[in-house]
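*Asks:* Could you have a look at this structure, given as structure tokens, before my questions?
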Amino acid sequence: MSRRSLSRTLARRRAHAPVFAALGDETRLRLVAKLAGGEPRSIAQLTKGERLSRQAITKHLRLLEKVKIVHSTRAGRESRFQLDPQPIEDAREYLDLVSAEWDLALARLKAFVEG
Amino acid sequence: MENRIEKRIELKAPVERVWRALTDYREFGEWFRVKLEGPFVAGQIARGMITWPGYEHVKWEATVQKMEAERLFSFTWHPYSVDPRIDYSKETPTLVEFRLEKSAGGTLLVLTESGFELIPSERRLEAFRRNDGGWTQQMKNIEGYVAEKP
């Protein structure tokens, strides 16, 4: 990871743990996938094809909203949900950092035991 | 999205050699760059100091979970807890597991780190920010070390 992107990650300073937790669920991952196109979608649209009730889907969406992965806007009587990719991107960058550290440590281990 | 890290690496060394490099506290310290106070014991906290130049004031701490000879070594820790002013002990640690398997060429090492969804990371990021300049330098140091000792 470049220093610039690291600085970007740090500058935003969002909490990643709740993002990881929010994404650790199949239903919510599917909802994120459905919203990945960027278009705002209604709860009815997002419930379509799911085995869960509208209420259950709403609950999942509110959880995603709480960690700012999605945000909602009112359009008349219905809420429409839209994806904000930034928190997911930030969390991924954090994991990349830890991952890169392990690559380096394991390279040193390899040199150590093979040397 | 993945909230765990998994690395698989083939080591051209017998399983017992790799096991020793992982679990002998002096050998672990050599490649991990930490000076530990004493041996790893399951269920106990291992303490030491980072040995990177410029980071010698930074404490290293992990709680050893499992030591199943030549198969599994695991510990919990707070990755990158480099800011001495922060009490990381209240945060839920991540779990690091080293699994060893005999392979044709020597040893297959599978490393996993999991539990990132449980960490309140605001503080951690603060620690990262303070370490930013040093971290970039550290990358260069390690590259140099690995290049010298292939």
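*Asks:* Restricting to segment B:91-100, give me the number of residues that are at pLDDT 95 or above and open to solvent by 50 Å² or more (accessible area, probe 1.4 Å).
*Replies:* Qualifying residue count for the region: 1.
*Asks:* Restrict the check to segment A:61-77 and report whether at least one residue is surrounded by fewer than 16 Cβ atoms within 10 Å (Cβ to Cβ), assigned to a helix (DSSP H, G or I), of a type in the set (D, E, K, R) and within 13 Å of chain B (Cβ to nearest Cβ).
*Replies:* no
*Asks:* So if I check each of B:Ser74, B:Ser114, B:Ser81, B:Ser103, which one is at pLDDT below 85 and either open to solvent by 60 Å² or more (accessible area, probe 1.4 Å) or of a type outside the set (D, E, K, R) (or both)?
*Replies:* None of the others qualify; the one that does is B:Ser81.
*Asks:* Exactly one of these conditions fails for B:Phe32: (1) of a type outside the set (A, V, I, L, M); (2) surrounded by 15 or more Cβ atoms within 10 Å (Cβ to Cβ); (3) at pLDDT 95 or above. Give me its number.
*Replies:* Checking B:Phe32 against (1) of a type outside the set (A, V, I, L, M); (2) surrounded by 15 or more Cβ atoms within 10 Å (Cβ to Cβ); (3) at pLDDT 95 or above, the one that fails is (3).
*Asks:* Another question about this same structure. Spot the failing condition for A:Ile57; the list is (1) modelled with pLDDT under 95; (2) closer than 20 Å to A:Ala21 by Cα, and only one is missed.
*Replies:* Answer for A:Ile57: the failing condition is (1).
*Asks:* With the structure loaded, tell me whether A:Asp96 is among the charged types (D, E, K, R) and within 21 Å of B:Ser114 (Cβ to Cβ) or whether it fails that test.
*Replies:* yes
*Asks:* Another one. Enumerate the pairs (first residue in segment B:1-22 and closer than 30 Å to A:Val19 by Cβ; second residue anywhere and among the acidic types (Asp, Glu)) with beta-carbon separation below 8 Å, excluding pairs fewer than 6 apart on the same chain, so at least 6 apart or on different chains.
*Replies:* Every condition considered, the pairs that remain are B:Asn3/B:Glu117; B:Arg4/B:Glu113; B:Ile5/B:Glu113; B:Lys7/A:Asp103.
*Asks:* Ok, one more. Collect the residues in segment A:80-115 that are more than 14 Å from chain B (Cβ to nearest Cβ) and surrounded by 19 or more Cβ atoms within 10 Å (Cβ to Cβ), keeping them in residue-number order.
*Replies:* Hit for segment A:80-115 is A:Phe81, nothing else.
*Asks:* If you don't mind, there's one more thing I want to ask. Select from segment A:27-53 the residues that are in a helix (DSSP H, G or I) and loosely packed, with under 13 Cβ neighbours inside 10 Å and write down the one among them that is farthest from the other protein chains (Cβ to nearest Cβ).
*Replies:* Once the filter is applied, the top-ranked residue is A:Ala44.
*Asks:* Sticking with this one: Across segment B:14-38, what is the total count of residues that are at the interface with chain A (Cβ under 7 Å from one of its Cβ atoms) and within 28 Å of A:Asp96 (Cβ to Cβ)?
*Replies:* So the answer is 5.
*Asks:* Before we move on, is B:Ala69 modelled with pLDDT of 95 or more and touching a strand residue (DSSP E or B) at 6+ places or on another chain (Cβ under 9 Å)?
*Replies:* It is false that B:Ala69 is modelled with pLDDT of 95 or more and touching a strand residue (DSSP E or B) at 6+ places or on another chain (Cβ under 9 Å).
The values are calculated or read from the model by the stated rules, or taken from the named source; none is laboratory data. Only a predicted model underlies this, so the values are computations on that prediction, with no experimental measurement involved. When we count neighbours, we look across all protein chains shown, and the Cβ atoms used for this are built from the backbone with ideal geometry, even at glycine. The accessibility values were calculated without ligands, DNA or RNA, using every heavy atom of the protein model including side chains. Shrake-Rupley method; radii C 1.70, N 1.55, O 1.52, S 1.80 Å.
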